[in-house]
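A short worksheet on the structure shown next.
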Amino acid sequence: MFDYDGLIVDSERLAAEIFVEVMAEAGGAVTIEEIAHLFGTTEADHLWDELITARCELSAAEVIERMTPRIRAGHEELPLLPGVREVLDAARDRGLKVGLATGQDLERLPGRLARLEIHEHFDAVVSAEEVPRGKPHPDIFLEAARRLEVEPAECLALEDSVPGCEAAVAAGMRVVACPSAVTAHCTFPAEARRVTSLLEL
């Protein structure tokens, strides 16, 4: 079971760097370390709002408006992270089913997976848009397991964020944490085996 942001491509670092840049332009200094714990969940909008309004005069909507074109442009240049293709190929060679559980929106995701030439590797793709609650709740992982027709306990979740690991643990899955450049300093759940690269798998 894969996550997308920060694990397949380094889009978390892209978004974090652009957020820091936009905030600095608006006079609201912030560091990546301060925001790392907010990545990997769709349930932290209020925390982003509080941070933005406390640091600058822009609204969250205005920050997003300034960030969006920069993120979209940068996203189209992001390569696969090390180990992704190797893990996907190994899973296919062993006849294992592979799911993708992500906060990415369904409209853009197929094109992004096709650009990276990995779309055909996934037997099920679930977006946070399709479940009642986002990570750290287990909904997205449980739905992915349901679509794969496997029990959650039979799944191995590969995650880069703390909320993602918490969601997979709550779903009853085994978890490997492979932190992104943004989340590398975060404290992950004790149940997650931590690696520095998917190549270690």
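The values are calculated or read from the model by the stated rules, or taken from the named source; none is laboratory data. Everything quoted here is computed from the prediction, not taken from an experiment. No Cβ is skipped: glycine too gets one built from the backbone with ideal geometry, and neighbour counts run over all protein chains shown. These accessible areas exclude ligands, DNA and RNA; they are computed on the full protein's heavy atoms, side chains included. Shrake-Rupley method; radii C 1.70, N 1.55, O 1.52, S 1.80 Å.
Some points to look at:
- Most to least packed among 84-96, 139-151, 117-129 [average Cβ atoms within 10 Å]: 139-151, 117-129, 84-96
- By accessible area, using a 1.4 Å probe on protein heavy atoms only, the chain has 52% of its surface on carbon and sulfur.
- Over the chain, all Cα pairs binned in 10 Å intervals from 0 give whole-percent P(r) values of 9, 36, 37, 15, 3, 0, listed from short to long.
- R0 of 41 Å, Cβ-Cβ distance GLU200-GLU57: FRET efficiency to nearest 0.05: 0.35
- Net charge of neighbours whose Cβ lies under 10 Å from the Cβ of THR42, counting Lys and Arg as +1 and Asp and Glu as -1: -1
- Label separation (ASP45 vs GLU129): 1.4 nm, computed from points 7 Å beyond Cα along the C-beta direction.
- Label-to-label distance, nm, for residues given as GLU151 and ASP93 (7 Å Cα→Cβ offset): 2.9
- Neighbourhood charge, 12 Å Cβ-Cβ cut-off, centred on GLU17 and excluding it, Lys, Arg +1 and Asp, Glu -1: -1
- Rounded, prolate or oblate (a/c below 1.5 giving rounded, otherwise prolate when a/b exceeds b/c) for region 109-189 by Cα gyration tensor: oblate
- Diffusion constant of region 85-147 at 20 °C, which comes from Stokes-Einstein with the Kirkwood Cα-pair radius and 1.002 mPa s, µm²/s: 174
- Within-14-Å neighbourhood charge of ILE71 [Cβ basis; K, R +1; D, E -1]: -3
- Applying 0.36 nm per residue to the separation of THR68 and ALA29 and subtracting their alpha-carbon distance, the gain on full extension is 12.1 nm.
- Accessible area of MET67 (1.4 Å probe, protein heavy atoms only, ligands and nucleic acids ignored): about 20 Å².
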